[in-house]
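Structure, as structure tokens:
Readers should treat all values here as calculations from the given coordinates under stated rules, not as data from a laboratory. Remember, it's a predicted structure, so these values are computed and weren't measured experimentally. With ideal geometry, Cβ positions are generated from the backbone for all residues, glycine too; neighbour counts draw on all protein chains shown.
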């Protein structure tokens with residue numbers, strides 16, 4: 001997938017565009033936005049220069065087809081010009097000139113305030129390649145000693161979601177979502193993978209080679225109650241998966257009501273597997289308003305417990 005810029009040059013800068021055409025244009029953009037492929041769009045400050053759309057497309061042919069089908073173009077209000085764009089940003093190291101680094105996304109901070117738990121979804125599916133993108137983002141979450149003990153079970157097909165629904169006290173939104181993920185964790189990884197974690201710490205300079213055995217012993221000593229650690233790590237993965245979906249326009253829910261033994265049996269999990277929860281994601285049927293949040297001053301303490309006297 002590549003980035004393209006679509007310039008919409010006005011055919012007559014003095015012509016006023018009807019409101020219904022503008023709304024159709026916005027709905028056209030929403031198709032791209034819902035797929036997480038719209039980067040930016042809007043008119044230039046000088047109306048004589050028209051406007052532009054920046055997005056990700058599967059090649060020039062798709063970008064040109066999207067431009068031709070824009071209501072402004074169909075109504076002869078604009079003439080499209082499509083150009084491939086080499087987008088320079090921090091995550092790609094400014095086209096490889098620097099090392100990749102996390103970027104700044106002010107829009108996403110605003111999006112977090114609009115997050116709401118959703119149980120009503122449209123029937124629109126989530127394409128498999130899109131699921132893989134979100135899973136990879138969730139698997140980039142932090143974990144203790146980078147042990148990465150997650151073993152998510154993805155329920156993408158309707159049949160798998162229906163199987164999961166029966167294990168989740170028959171809650172219908174489990175199968176209504178286009179994607180459900182069992183956020184399972186393997187607690188044996190805390191001991192089994194300690195040597196790998198120690199080697200990574202040595203490779204990064206955090207430990208010396210002479211400290212390897214002591215580091216392995218220390219890591220393993222931290223997990224006398226691996227179930228608690230498994231739940232912590234599982235919820236970190238789950239939350240990152242929710243945020244990955246939210247960043248792409250998906251809505252979702254976090255579910256803690258399920259029969260853990262039934263889930264293990266139905267999805268052929270080992271007896272020691274710990275299930276931190278179930279995440280559901282899908283395209284919202286309608287955008288629900290977030291529930292009220294408590295005020296920051298009432299729940300946040302600075303250097304002491306909130307409300308301490």
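List of remarks:
- Full extension of the chain between residue 225 and residue 107 yields a length gain of 38.5 nm, computed as 0.36 nm times the residue separation minus the alpha carbon distance.
- Pairwise FRET efficiency - residue 232 versus residue 295, Cβ, R0 = 25 Å, nearest 0.05: 0.40
- Cut-off 20 Å, label 7 Å out along Cα→Cβ of residue 84, residues of region 42-78 by amide N: 53-68
- Point-to-point label distance, residue 286-residue 2, nm (Cα→Cβ direction, 7 Å offset): 4.2 nm
- Counting 0.36 nm for each residue step from residue 196 to residue 211 and taking away their Cα separation leaves a gain of 4.0 nm.
- Per-peptide packing, taken as the mean over residues of other Cβ atoms within 10 Å, places 264-273, 243-252 in the sequence 243-252, 264-273 from highest down.
- Helix-derived mean residue ellipticity, 222 nm - over the chain, DSSP H n ≥ 4, -39500 (n - 2.57), to 500: -11000 deg cm²/dmol
- Taking other C-beta atoms within 10 Å as the exposure proxy, 19, 274, 174, 131 rank 19, 131, 274, 174 from fewest upward.
- FRET efficiency, 1/(1 + (r/R0)^6) with R0 41 Å, evaluated for residue 139 and residue 94 via beta carbons: 0.95
- Region 35-85: C-alpha gyration tensor shape, a/c 1.5 cut-off, then a/b vs b/c: oblate
- Contour minus Cα-Cα distance for residue 162 and residue 16 (0.36 nm per residue): 47.4 nm
- Calculated FRET value between residue 76 and residue 304, using beta carbons and R₀ = 51 Å, to 0.05: 0.20
- Remark: the Cα gyration tensor places the chain in the prolate category, a/c being 1.5 or greater and a/b exceeding b/c.
- As a size descriptor, the averaged projected area of the C-alpha convex hull of region 5-93 was calculated at 6.1 nm².
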